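Quick notes on the structure that follows.
The values are calculated or read from the model by the stated rules, or taken from the named source; none is laboratory data. Nothing here was measured: the structure is a model prediction, and the numbers come from that model. Backbone-built Cβ (ideal geometry, glycine too); neighbour counts: all protein chains shown.
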Amino acid sequence: MDITVIGTGYVGLVSGTCFAEMGHDVTCVDVDEEKVAQLSDGEIPIYEPDLDRYFERARAEDRLRFTTDLAEGIAGSKIVFFALPTPPGEDGSADLSYVLDAAGDVADLLVEADDPEHRIVVNKSTVPVGTGDRVEEAFADRGLDIGGEVDVVSNPEFLREGSAVDDFLKPDRVVIGTESDRAAETMKRLYEPFVRQGNPVLVVDRRSAEMIKYAANSLLATRISFMNEIANVCERVGANVDKVRLGISKDHRIGPHFLYAGIGFGGSCFPKDVQALARKGREKGYDFQILDAVLDVNDQQRRRLAEQVEDYFDGDLDGRRIAVWGLSFKPGTDDTREAPSHVIIDYLLERGADVVGYDPEAIETTKETFGDQIAYADGMYEAVEGAESLLICTEWHEFRRPDLGAVREHLENPLVLDGRNLYDPARMAEMGFEYHSIGRPSYAPETNQEAIEAAIVENGQP
Ligand SMILES: NC(=O)c1ccc[n+]([C@@H]2O[C@H](COP(=O)([O-])OP(=O)(O)OC[C@H]3O[C@@H](n4cnc5c(N)ncnc54)[C@H](O)[C@@H]3O)[C@@H](O)[C@H]2O)c1
Ligand SMILES: O=c1ccn([C@@H]2O[C@H](COP(=O)(O)OP(=O)(O)O[C@H]3O[C@H](CO)[C@@H](O)[C@H](O)[C@H]3O)[C@@H](O)[C@H]2O)c(=O)[nH]1
């Protein structure tokens with residue numbers, strides 16, 4: 001089948017490549033000329049594990065092309081996907097201008113082409129309920145026959161950055177929102193090869209499909225904020241959130257996923273989508289109180305390490321060298337949109353700290369935001385050299401088992417604030433660190449030695 005994907009960011013490029021992997025002829029359209037030139041030269045502009053393998057195969061077999069020319073991109077195409085940005089507007093609602101403008105442009109081209117072939121226009125961007133109706137209007141307003149010439153379908157995307165290819169190739173479910181049987185059949189055929197292992201293709205009405213996406217992201221974000229609050233209480237009552245997580249996760253009604261306390265959720269999706277749903281509720285006269293709290297907790301949690309280091313130095317961060325490990329919003333990606341590390345760096349810079357950042361993949365994307373306001377290290381040990389504190393913001397593999405002796409030697413002051421609970425607190429204290437993590441007891445070498453020893457005798461570990 002000939003497929004067009006408009007927008008070649010994280011979603012568009014992964015979707016286009018994976019459809020090509022399943023044997024379709026895919027044309028990706030983007031307004032960013034540099035990106036299209038890079039992709040046409042075989043260069044992938046983002047870091048996403050495994051993407052290169054499928055991308056190269058699809059290109060070698062001439063099933064994946066790139067263009068800036070929309071007319072060329074949609075010519076002969078049976079299905080046109082929108083994978084366009086829907087960033088938050090000033091009031092928190094989703095900015096639909098990219099999607100609605102593209103819908104208008106595609107509609108104009110279809111009118112011009114005067115081709116009676118039936119097309120399916122699919123919205124993969126995350127959009128508020130009712131957007132599909134507005135896209136449909138763009139086609140109807142130009143005299144195109146809805147149901148005859150064009151069907152507008154919602155097909156929200158659930159991939160996660162860092163495992164996007166795997167998520168796309170083996171989705172838990174595919175959601176198709178349409179009232180058209182013809183469109184539903186074509187979409188089901190398209191996705192058949194991706195859901196062979198028994199995961200469903202759910203066909204629902206378009207509005208419900210749009211809502212499913214917001215409900216899923218908002219529920220996941222709620223779990224994270226909830227666990228962050230549990231962690232904050234654990235610290236105050238002497239419990240350990242990691243043990244609490246294990247205990248609750250064995251209840252099959254709760255399950256093990258998305259229960260990791262940390263320094264809040266980032267990324268281009270959760271913050272914006274939770275905000276957009278809360279905003280949509282308000283617009284319709286409904287105050288979505290839980291979501292407001294989810295966002296407030298997250299804002300507070302994202303500042304946490306910065307506030308802790310500020311307290312440690314009695315409010316004086318001026319000229320202090322602070323190392324930050326992990327700049328992307330999560331491991332496995334170079335994406336820094338809404339990253340907790342960036343909130344922390346902003347805070348530190350405002351207070352005059354000298355920040356040195358290190359990340360295996362996200363240095364370049366961080367430079368786009370902070371330029372030379374911070375220093376960038378080539379490696380994790382170089383980052384801590386002479387620093388008065390280490391802040392860990394992302395749980396990249398290489399941070400899980402570092403040479404802690406070397407870290408201790410390089411740090412000028414042995415303070416480690418771990419936003420991702422990577423190390424055993426007692427072991428850190430034994431090695432001479434003052435170590436604070438999230439929702440677990442804190443240890444400083446001189447103050448807690450007795451407690452640590454008692455805990456080791458009692459449990460094998462604290
Ligand atoms: N990133 C994710 O993990 C993820 C997952 C699921 C859903 N989503 C949703 O998918 C949508 C896209 O997200 P993304 O992260 O891929 O965005 P992105 O910013 O990475 O990519 C968007 C691309 O669209 C291009 N673009 C902008 N206007 C265009 C136009 N008129 N014509 C052609 N191209 C144009 C941009 O140049 C860019 O390359 C958003 O609604 C997002 O919420 C994202
Ligand atoms: O237990 C957890 C799980 C995640 N996070 C944080 O939550 C954020 C988001 O993580 P994740 O969901 O893995 O990454 P995304 O790529 O943002 O994916 C989310 O957002 C996408 C865009 O809508 C959806 O498609 C995905 O299904 C949804 O998981 C990151 O900052 C993580 O550090 C936690 O703090 N604790």
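Values as computed for the structure displayed
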read-out	value
Residue within region 279-297 that is closer than 26 Å to VAL129 by Cβ, touching a Ser or Thr at 6+ places or on another chain (Cβ under 6 Å) and among the basic types (Lys, Arg) present	yes
Close pairs (6 angstrom Cβ cut-off, 6 or more residues apart or separate chains): crowded, with 17+ Cβ neighbours inside 10 Å in region 218-244, in a loop (DSSP other than H, G, I, E, B) and among the charged types (D, E, K, R) anywhere	ASN240/ARG440
Residues located in region 336-348, provided they are under 10 Å from the mean Cα position of the chain (by Cα) and surrounded by fewer than 24 Cβ atoms within 10 Å (Cβ to Cβ)	ARG337, GLU338
Whichever residue in region 309-335 is out of contact with any strand residue (DSSP E or B) (no Cβ under 7 Å at 6 or more places or on another chain) and more than 30 Å from GLU48 (Cβ to Cβ) and, among such residues, is surrounded by the most Cβ atoms within 10 Å (Cβ to Cβ)	LEU317
Lone qualifier among SER93, SER40, SER97 - being in contact with a Pro (Cβ under 9 Å, 6 or more places away or on another chain), in the same structural domain as VAL153 (by TED's automatic domain parsing) and farther than 14 Å from GLY12 by Cβ	SER93
Search result, residues across region 349-367 that are surrounded by fewer than 23 Cβ atoms within 10 Å (Cβ to Cβ) and in contact (Cβ under 8 Å) with a residue 24 or more places away in the chain	LEU349, ARG351, GLY352, ASP354, VAL356, PRO360, GLU361, ILE363, GLU364, THR365
Cβ-Cβ under 8 Å pairs, at least 6 apart or on other chains, region 32-60 side basic (Lys, Arg), far side within 14 Å of ligand 1 (Cβ to nearest atom)	LYS35/THR8; LYS35/PRO45
Odd one out for SER97, checked against (1) more than 16 Å from ligand 2 (Cβ to nearest atom); (2) touching a Leu at 6+ places or on another chain (Cβ under 7 Å); (3) of a type in the set (Ser, Thr, Tyr)	(2)
Residue count for region 39-73, restricted to those that are in a helix (DSSP H, G or I), more than 11 Å from ligand 1 (Cβ to nearest atom) and either aromatic (Phe, Trp, Tyr) or within 21 Å of GLU361 (Cα to Cα) (or both)	6
Pairs with Cβ under 7 Å, 6+ apart, first in region 252-269 and under 18 Å from ILE438 (Cα atoms), second charged (D, E, K, R) and within 16 Å of ligand 1 (Cβ to nearest atom)	GLY266/GLU338
Test: residue in region 137-146 that is away from ligand 1 (no atom under 16 Å from the Cβ) and of a type in the set (Phe, Trp, Tyr)	yes
Of all residues in region 116-130 being more than 9 Å from ligand 1 (Cβ to nearest atom) and among the β-branched types (Val, Ile, Thr), the one that is nearest to ALA83 (Cα to Cα)	VAL122
Residue within region 381-391 that is β-branched (Val, Ile, Thr), surrounded by fewer than 19 Cβ atoms within 10 Å (Cβ to Cβ) and touching a residue at least 12 places away in the same chain (Cβ under 8 Å) present	no
So THR86, is it of a type in the set (S, T, N, Q), within 21 Å of the chain's Cα centre (by Cα) and within 26 Å of LEU190 (Cα to Cα)	yes
Which listed residue is within 15 Å of ligand 1 (Cβ to nearest atom) and over 21 Å from the mean Cα position of the chain (by Cα), from VAL36, VAL11	VAL36
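Every residue, every condition in (1) modelled with pLDDT under 95; (2) buried (at least 18 other Cβ atoms within 10 Å of the Cβ), yes or no:
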position	(1), (2)
PHE55	no, yes
ALA71	no, no
GLY76	yes, no
LEU96	no, yes
ALA113	yes, no
GLU117	yes, no
VAL127	no, yes
THR131	no, yes
